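Only the coordinates and a few stated rules stand behind these numbers; no lab work does. None of these values were measured; they are calculated from a predicted model. We place every Cβ from the backbone using ideal geometry, glycine too, and count neighbours over all the protein chains shown.
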Ligand code: XMP
């Protein structure tokens with residue numbers, strides 16, 4: 001059953017690196033959209049999805065190449081607005097009777113300036129107010145003849161057809177990428193497009209909450225559901241939402257693997273049991289996990305051990321709640337998009353992230369994933385809508401394997417204790433300086449080296465640690481946070497004075513890529 005009652009926009013993905021940004025721009029305007037790879041968008045799909053408008057994304061292919069991706073021709077007979085971006089523009093021109101050619105010094109990469117042609121166009125309302133408009137280009141091929149019915153509304157030095165439109169059919173085709181940050185007026189561009197396409201901005205968290213609750217009830221019926229709680233935002237929001245839908249049919253399982261931060265288990269248990277009255281199994285399995293990790297220092301081995309033990313523990317508790325039929329997960333939209341890869345090829349494994357992907361199959365459980373249409377910031381908005389405390393909703397992400405992957409080399413109880421104390425001091429510093437919400441994630445890693453220091457009149461020989469703090473939108477790419485020297489100096493002093501076992505502090509300034517956020 002499709003319980004969507006809001007207006008829908010379809011993004012046909014031709015594989016651009018920035019397609020997700022189109023979705024983000026639209027969601028920010030309260031417009032519901034979905035990204036689907038072009039291979040999946042058939043005539044039947046189009047009529048069943050019934051979008052109110054369609055955007056064709058950019059992509060790495062060349063329309064000149066035989067067998068290169070196309071949109072279904074029926075799209076252009078649906079009578080709905082279509083916007084083509086970069087490769088999407090070239091697809092439109094090719095399919096509607098224009099011509100695309102390659103090379104001859106007309107490639108453009110990076111910043112470009114567009115001048116208006118003089119004719120007005122609702123799509124460009126608010127543009128060109130201060131002269132030529134800055135945009136971001138990334139194309140090798142170019143349109144050399146526009147399709148019949150189209151007019152030119154803007155040109156750049158290397159793209160005489162940078163903005164074209166057939167206003168009688170509501171078709172728009174642009175060579176640049178309005179979704180990227182380097183097109184400063186891109187937000188206005190999308191606002192204009194959704195306005196002319198008749199979107200009223202009906203995608204709100206209140207509407208989503210009601211729709212999700214109806215869907216969960218329909219899917220689950222009177223069966224039992226278990227939900228693995230990590231204390232992170234995603235699983236917490238999923239649990240509260242599902243509890244609102246099905247009440248005590250839901251049992252949450254919070255596994256304490258002994259790799260949590262200071263005070264974490266108490267915070268999570270209090271929040272769920274005391275504030276929400278959600279049935280919660282607090283499984284203290286720290287001996288099991290730490291015992292199995294004893295003597296292990298290889299990052300992948302550690303992750304695999306932890307992943308397997310999670311499965312064992314869940315299995316035990318699924319039985320103990322009297323036969324759950326469903327497993328709830330806080331899967332987000334970026335995970336769903338990534339799983340339908342453009343090329344269809346498997347991407348290289350950088351780290352085997354612990355998740356419970358293999359679990360449902362093994363245990364014969366079906367999945368309930370009420371957040372699979374949301375981005376992280378939308379999950380936070382839904383959490384606020386559901387009344388979760390701001391301190392919970394705004395929490396930094398915390399990885400499933402916990403402190404194990406912040407302790408390169410062998411994990412010992414002593415190192416974990418040091419890590420917990422150091423992490424608490426570091427986060428306290430960040431909060432005190434009002435920086436917590438500006439930072440995507442911050443933590444301390446304890447390094448497998450001991451260094452010589454001097455404290456008072458004595459020699460010390462203690463562990464070195466690395467501080468990490470990054471900014472990011474979705475964790476896929478990240479940059480280090482530019483703390484002031486004063487902040488770093490003060491934090492280092494506090495760590496060395498307050499945490500027994502650490503005598504040296506470093507700050508990790510690696511971006512991702514080439515680094516990753518976690519050390520292991
Ligand atoms: P990396 O280190 O891959 O981390 O740059 C990206 C984001 O994912 C988190 N992370 C994990 N989360 N299970 C999780 O639930 C994992 O195994 C895992 N490994 C990394 C990491 O904290 C960061 O937010």
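Extension gain for residue 282 to residue 377 (0.36 nm times residue separation, less C-alpha to C-alpha distance): 31.4 nm.
Evaluated at q = 0.09, 0.11, 0.13, 0.20 Å⁻¹, the base-10 log of the normalised Debye intensity for the range 98-246, with identical point scatterers placed on the Cα atoms, takes the values -0.49, -0.62, -0.70, -1.19.
Mean sequence separation of contacting Cα pairs (under 8 Å, at least six apart), scaled by the length of the range 1-133, corresponds to a relative contact order of 22 percent.
When DSSP beta bridges are limited to those with both residues in the chain, what percentage is antiparallel, rounded to the nearest 5? All intermediate terms of the calculation are to be shown ahead of the outcome.
Details: 36 of 74 bridges.
Percentage antiparallel, nearest 5: 50.
By the compact-protein rule of thumb, 2.2 N^0.38 Å, the alpha-carbon radius of gyration of the range 17-123 corresponds to a ratio of 1.16. What spacing in nm lies between the two simple spin-label points modelled at residue 210 and residue 66, each 7 Å away from Cα in the Cβ direction? Each label point lies 7 Å from its Cα, and together they span 5.5 nm.
Across all Cα atoms of the range 378-450, the radius of gyration (one decimal) and Dmax (whole number) stand at 14.7, 47 Å.
Give me the percent relative contact order of the chain, please, defined on Cα pairs under 8 angstrom at least 6 residues apart. Before the final figure, lay out the partial values.
Values: 951 pairs, mean separation 53.3, N = 520.
Relative contact order here is 10 percent.
Residue separation of residue 167 and residue 485 scaled by 0.36 nm, minus their Cα-Cα distance, works out to 109.0 nm of gained length.
Per DSSP helix of 4 or more residues, -39500 (n - 2.57); summed, then divided by the residues of the chain. What does that give at 222 nm, rounded to the nearest 500?
Working: 15 runs with 163 residues, N = 520.
Calculated mean residue ellipticity at 222 nm is -9500 deg cm²/dmol.
Quick one: Cα centre-to-centre distance for the range 141-195 and the range 254-269, in angstrom? Rounded to whole Å, the Cα centres lie 52 Å apart.
Of the beta bridges in the range 418-520, as assigned by DSSP with both residues counted there, near 75 percent are antiparallel. When only alpha carbons are used to place a centre, the range 208-227 and the range 300-317 end up 27 Å from one another.
Report the extension gain between residue 451 and residue 497 in nm, rounded to one decimal, defined as 0.36 nm multiplied by the number of residues separating them, less their alpha carbon distance. Don't skip to the end; give the middle numbers.
Values: separation 46, 0.36 × 46 = 16.56 nm, distance 1.57 nm.
Net length gain for the segment: 15.0 nm.
Only Cα sites of the chain enter the Debye sum here, all with the same form factor; the resulting log10 I(q)/I(0) across q = 0.09, 0.10, 0.11, 0.12 1/Å is -0.76, -0.91, -1.04, -1.16, listed in q order.
Within the range 257-316, the ratio Rg/Rh, alpha carbon atoms throughout and Rh by Kirkwood, equals 1.05. With r as the distance between the Cβ atoms of residue 424 and residue 270 and R0 = 22 Å, compute the FRET efficiency 1/(1 + (r/R0)^6) and round to 0.05. Computed FRET efficiency for residue 270 and residue 424 comes out at 0.80. What whole-number distance in Å separates the alpha-carbon centres of the range 88-140 and the range 396-414? Result: 49 Å between the Cα centres.
Please compute the Kirkwood hydrodynamic radius over the range 73-173, one decimal place, Å, based on all pairs of different Cα atoms.
13.9 Å is the Kirkwood radius here.
For the range 149-203, what number results from the quotient of the Cα radius of gyration and 2.2 N^0.38 Å? Please report the intermediate quantities before stating the final value.
Numbers: Rg = 12.4 Å, N = 55, 2.2 N^0.38 = 10.1 Å.
So the range 149-203 has a normalised radius of gyration of 1.23.
The C-alpha atoms of the chain define a longest principal axis, and helix 186-196 lies at about 60 degrees to it. Projecting label points 7 angstrom from Cα along Cα→Cβ for residue 78 and residue 248 puts them 4.7 nm apart.
Bridges between two residues of the range 1-156, per DSSP, are antiparallel at a rate of about 50%. Largest first and in whole Å, the equivalent-ellipsoid semi-axes of the range 120-171 read 18, 17, 8, each the square root of five times a Cα gyration tensor eigenvalue.
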